[in-house]
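The values are calculated or read from the model by the stated rules, or taken from the named source; none is laboratory data. Predicted, not measured: the structure shown is a model, and the values here were computed from it. When we count neighbours, we look across all protein chains shown, and the Cβ atoms used for this are built from the backbone with ideal geometry, even at glycine.
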Amino acid sequence: MDANTKTLTAEHIAARSPGPSYQDLLDKEVNPVPDSLRENTNPYLGSDNLSVDRYLSREFHELEVEHIWKRTWQAVCRVTEVGEPGDTFVYDIATMSIVVTRTEQGTLKAFKNACLHRGRQLVDKTGNYKDLRCPYHAFTWSLDGEFKGAPCKWDFPHLDEDQFGLPEVLVDTWGGWVFINMDRNSQSLHDYLGVLPAHFERWKPENAYKMIHVEKVIPCNWKVGWEAFIESYHAVATHPQILPYTDDADSQYDVWGPHISRTITALGVPSFHLKNLVDQDVVDTMLGVSPMVARPTEAEVPAGMTAREFIGQLNADEFSKNHDTRLDTFATNSERMDSILYSIFPNFAPWAGFHPNITYRFRPNGDDHTSALMEIIVICQLASDAERPKDVPVRRLGDNELFSQAPELGESLGTIFDQDLFNMPMIQKGMNNVESRELILANYHEVRIRHFHQTIDKYINGEL
Ligand SMILES: [Fe+2]
């Protein structure tokens, strides 16, 4: 990365939108604000440019496979999707495939998904299996990975069966998600996640069920897709319809260690880019746009209340349908509506808060560095003793299907993702035509993209 030549002053580095900031909004909360939301790391990570080769070159993709996909903790599925003995989940990343099983004893295991005989992928697809049996010659392993046998075993006198277990990879859980790591020498998932588990303790994502899961192949490098979801700067140009209720310019960005970052964008307040909106305008544009926003779809803001307070109250009403408690007795308005979007390096981004949480995941589409798999998952919290609906299966959209055509996303929320989608192939194509072969990043609004690339470099350079 080449540095820009202009020398920056402290004032340049401290430059922020005139506000009010997210922290100013927290000052108005009636209920106590959790420490995690009061954290404001305010990072400045330099002003270097980014080479387009990081997105376009096959060599860079191969470095990512070697140093990132083979060495990082990656979210695979919900714990409840492998909840019963025999439940088996196939997770593919680049050329690799990992199979996660729930054993008869109830423990989770993860193995490299290949038959140790002639190398066929052992498990083709997610399901519930008695054992892991290769379809080619019926070499069979238990859900624990122990070798159970093969036809004509007399023909393999040279095989040491005690040494013929499936090679394991690391598996662990956090927040109701299963994670794997192919690097057996990796730090624990808990250490890898840094501040994240403590921050989420309050929101209990482990008690949620998966209510929406939509995926689509997108025609761009996986990082192009990912980076559209870790900054709010693009809202003004790409999503103008959300500005009446989205405080995009005043978003707060945080980073902790190499793996965790966060954007908080306050909702229920108009964008700094818009002038002269009244509270009723905010409510009229925000109600009904997504499963994250309260029903009804129309309501009049009561006298003496702000739009943010009113939406907060409606969301508390909604939450009380599934819980014995009411959010307005303990939760901030921020936790009832804002986009509090964390990311776990390299590719997993869960929203936080008590409202249903959108979660994004991006990864290369198979081993193709010019297309990616984009997933939108929504989990919905329930009381710990509530009966959980079954997690929904994934809906794969076809090449010509839009997110707004997925009924579970609905037109308003789906349209937001479609707007991002329309940019993606144009970003991928445009990068080829950037004369300098370098991209410029904002110091404040795009700091998470810098953080992400700096962590990529640390992995590739062997510093992590
Ligand atoms: Fe977007």
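Among the numbered conditions (1) touching an Asp or Glu at 6+ places or on another chain (Cβ under 6 Å); (2) away from the ligand (no atom under 16 Å from the Cβ), tell me where residue 361 comes up short.
Single failed check for residue 361: (2).
Hey, among the residues in region 395-441 that are within 16 Å of the ligand (Cβ to nearest atom) and assigned to a loop (DSSP other than H, G, I, E, B), which one's nearest to the chain's Cα centre (by Cα)?
Ranking the qualifying residues of region 395-441, first place goes to 409.
Kindly list, by first and then second residue, each pair from a residue in region 234-248 that is in the same structural domain as residue 272 (by TED's automatic domain parsing) and under 15 Å from residue 339 (Cβ atoms) to a residue that is within 12 Å of the ligand (Cβ to nearest atom) and outside any helix (DSSP H, G or I), limited to pairs with Cβ atoms under 7 Å and residues at least 6 apart or on different chains.
Between residues of region 234-248 that are in the same structural domain as residue 272 (by TED's automatic domain parsing) and under 15 Å from residue 339 (Cβ atoms) and residues that are within 12 Å of the ligand (Cβ to nearest atom) and outside any helix (DSSP H, G or I), the close pairs are 234/228; 235/246; 246/265; 247/265; 248/232; 248/265.
Evaluate the following for residue 381: is it over 20 Å from the mean Cα position of the chain (by Cα) and away from the ligand (no atom under 16 Å from the Cβ)?
On the way: over 20 Å from the mean Cα position of the chain (by Cα): no; away from the ligand (no atom under 16 Å from the Cβ): yes.
When the stated conditions are applied, residue 381 does not pass them.
Does region 251-268 include one or more residues that are away from the ligand (no atom under 11 Å from the Cβ), buried (at least 21 other Cβ atoms within 10 Å of the Cβ), in a helix (DSSP H, G or I) and not hydroxyl-bearing (Ser, Thr, Tyr)?
No, there is no match, as no residue in region 251-268 is away from the ligand (no atom under 11 Å from the Cβ), buried (at least 21 other Cβ atoms within 10 Å of the Cβ), in a helix (DSSP H, G or I) and not hydroxyl-bearing (Ser, Thr, Tyr).
Looking at 145, 165, which one is away from the ligand (no atom under 16 Å from the Cβ), in a loop (DSSP other than H, G, I, E, B), surrounded by fewer than 16 Cβ atoms within 10 Å (Cβ to Cβ) and not β-branched (Val, Ile, Thr)? Give the steps one after another, and end with the answer.
Details: 145 fails: surrounded by fewer than 16 Cβ atoms within 10 Å (Cβ to Cβ).
When all the criteria are applied, what remains is 165.
Sort through 388, 450 and tell me the only one that's under 21 Å from the mean Cα position of the chain (by Cα), surrounded by 13 or more Cβ atoms within 10 Å (Cβ to Cβ) and either touching a residue at least 60 places away in the same chain (Cβ under 8 Å) or not in a helix (DSSP H, G or I) (or both). Please lay out each step first, then the result.
On the way: 388 fails: under 21 Å from the mean Cα position of the chain (by Cα).
After applying the criteria, what remains is 450.
So which residues in region 271-317 are under 22 Å from residue 351 (Cα atoms), among the hydroxyl-bearing types (Ser, Thr, Tyr) and at pLDDT below 90, if there are any at all?
290
Are there any pairs, at least 6 apart or on different chains, whose C-beta atoms fall under 9 Å, with the first in region 43-57 and modelled with pLDDT of 95 or more and the second assigned to a loop (DSSP other than H, G, I, E, B) and of a type in the set (Asp, Glu), and if so, which?
48/2; 49/2; 51/2
Tell me whether region 344-359 contains one or more residues that are of a type in the set (Ser, Thr, Tyr) and within 28 Å of residue 323 (Cα to Cα). Before the answer, list the steps.
First pass over region 344-359, keeping only residues of a type in the set (Ser, Thr, Tyr): 359.
Then drop every residue that is not within 28 Å of residue 323 (Cα to Cα), which leaves 359.
The answer is yes, given that some residue of region 344-359 is of a type in the set (Ser, Thr, Tyr) and within 28 Å of residue 323 (Cα to Cα).
Criterion first (within 30 Å of residue 211 (Cα to Cα), in contact (Cβ under 8 Å) with a residue 60 or more places away in the chain and among the aliphatic types (A, V, I, L, M)) does residue 33 satisfy it? Can you show your working first?
Working: within 30 Å of residue 211 (Cα to Cα): yes; in contact (Cβ under 8 Å) with a residue 60 or more places away in the chain: yes; among the aliphatic types (A, V, I, L, M): yes.
So residue 33 passes the test.
Just checking, does region 208-221 include any residue being exposed (fewer than 15 other Cβ atoms within 10 Å of the Cβ) and either within 16 Å of the ligand (Cβ to nearest atom) or modelled with pLDDT of 95 or more (or both)?
Taking region 208-221 as the starting set, the residues that turn out to be exposed (fewer than 15 other Cβ atoms within 10 Å of the Cβ) are none.
Taking every residue of region 208-221 in turn, none turns out to be exposed (fewer than 15 other Cβ atoms within 10 Å of the Cβ) and either within 16 Å of the ligand (Cβ to nearest atom) or modelled with pLDDT of 95 or more (or both).
Please work out which one of (1) within 16 Å of the ligand (Cβ to nearest atom); (2) surrounded by fewer than 19 Cβ atoms within 10 Å (Cβ to Cβ); (3) within 23 Å of the chain's Cα centre (by Cα) is the condition residue 230 fails and give its number.
(2)
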